[in-house]
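Student: Structure in structure tokens, see below.
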Amino acid sequence: MAPSRRLRRVAASQPGFLNLKTDSGGAALAGGRRKRLNKNKKKSWNKHSDINDVDAFLEDVRLQERTTGGLLSEKSDESLFFLDAGPPKDQRVSQPAEEQKRSKGKAWRPLRIDLILQRDSLVPIPKDVLAYQKPNAKKLRRIAEKAAQLSAKGVVTRRQKRLLNRPPVKERTKKAVTEANNNPNRDYYDMWREEPKDTSDPWFLQQTGKKRVPRPERMNEKPSVLPAVEVIAAGGSYNPEFFSHQALLQEAHNVELKRQKEEDRIAKQLAVNKEHFATEETVMKEQEEAASEEDVAVGAIVMAEKKTERQRRKERVEKLKVQRRQANRAKSDKRQQLFQLNSIKKTIKERETNTKVKQEQRKSNQEAEKAQPRRLGKLKFQPQDMEVQLSNELAGSLRRLKPEGSVLKDRFKSLQKRNLIEPRERAKFKRVLKVKYVEKRAFREIT
């Protein structure tokens, strides 16, 4: 017997099976010659085995459980069929003539959206066992039973005595606390109701999107007080005045002088003086001086004599005399200060004025530092070169003006100067592998 036919018969013979779906492939399977397949290997079991009948049977059972809550064969006739005789006479209500006309035209049916929201399965939801469990339930039950037994006997426990003897706590007025967002017992706001809504409630403002999130104070602080676009001096115009142009040239000249002095200073530090080279004579002198110093140090260590008790006592007495002399001098200085109160007050006032001046200077320096670029990375900010035209390069009109500089570089330097990005430099290309030159054969043939 074919295995598919045997499975079908076994499924149909199960108690409580009622086939709700028609088997369209039964006639096709019954007729025709069965193909012989090799099933002596486990690899071909799933490939050539037909389990559609078993799947259909299980799907039919699941459908019956979802729709009726169990198998139809196990249900009673009263649960499956009933006689619809209409409502009782006592509960019947006479409808108006207009409603009767409407009801005669078309039967009432629920909306499609209500049908979608209804549960279409009659299988009960599995009980959540964890929802009924309590930590230390047995221990708490044992304690409650023991407390009930003691109360029945009239025995008061130590814990109850402490609770009875506790002084009454004064009731404090609690501060108004906004309820949590995930509180299911809070009021529900109907956005479509006709009554005016209370716009003072923060929960309502947050749900309707009318409450703004407070902006942090640090977000309002700018990293620099410099403007985004700095306007060049009047001397940088295409047709500037003579004195303003000369002032701009003098400023550029000072910048170049400062840069030249810095380069000269570094070159001077790195320069090597030939006079500083060691000659044979200087080397010999240094070696002789080092040898003589070693002999003197060794001789001094060897010739050092141990002090006697009398010398040590004399040193202690001299040390005590010096300490007493210093203490007496300090006392006399304090006595003399009583007669110098006016001068002391004067010096105190001078110190106070000096401290105030220093504080003001420090504040002014801090304000000046706000306009300077900070150290954000390992590189130091290098200002952009001044774009200045010489007197013979002035165009005098916009048509003959020669453009200088780059807008992209100017914006990049502006971002660095305003502490928005750190100073950067172009990455240097470093070749990992050496270049190998090979002479080709064609070149050798020509030569």
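Student: To make sure I understand, if each residue's beta carbon is the centre and we count other beta carbons within 10 Å, what order do Y132, Y238, Y437 fall in, fewest to most?
Tutor: Y437, Y132, Y238
Student: I've got another one for you. For a test of the definition: using alpha carbon positions, the gyration tensor, and the 1.5 limit on a/c, classify the stretch 234-365 as rounded, prolate or oblate.
Tutor: Oblate is the answer for the stretch 234-365, as a/c is 1.5 or above yet b/c matches or exceeds a/b.
Student: Quick check: from the Cα gyration tensor, does the stretch 302-354 come out rounded (a/c under 1.5), prolate or oblate? Let's see the in-between values first.
Tutor: Values: a/c = 9.65, a/b = 2.85, b/c = 3.39.
The shape class here is oblate.
Student: Now a separate question. Mind scanning K268/K434; K268/K358; K222/K380; K258/K428; K380/K402; K258/K413 and naming the pairs with a C-alpha gap bigger than 26 Å?
Tutor: Numbers: K268/K434 36 Å; K268/K358 36 Å; K222/K380 21 Å; K258/K428 28 Å; K380/K402 31 Å; K258/K413 21 Å.
Long pairs (Cα-Cα over 26 Å): K268/K434; K268/K358; K258/K428; K380/K402.
Student: Let me make sure I get this right: for the stretch 349-447, a, b and c are the square roots of the gyration tensor eigenvalues over alpha carbons, sorted descending. Under 1.5 in a/c it's rounded, otherwise prolate if a/b > b/c, else oblate. Which is it?
Tutor: It comes out oblate by the Cα gyration axes.
Student: Here's another thing I want to ask about it. Where in the stretch 372-416 are there GluC sites (Glu not before Pro) that are in a DSSP coil and have at most 15 other Cβ atoms within 10 angstrom of their Cβ?
Tutor: Taking the stretch 372-416 and a limit of 15 other Cβ atoms within 10 Å, the loop GluC sites (Glu not before Pro) found are E387, E404.
Only the coordinates and a few stated rules stand behind these numbers; no lab work does. Keep in mind it's a predicted model, so treat the numbers as computed, not measured. Neighbour counts are summed over all protein chains in view; Cβ atoms, including those assigned to glycine, are modelled from backbone coordinates with ideal geometry.
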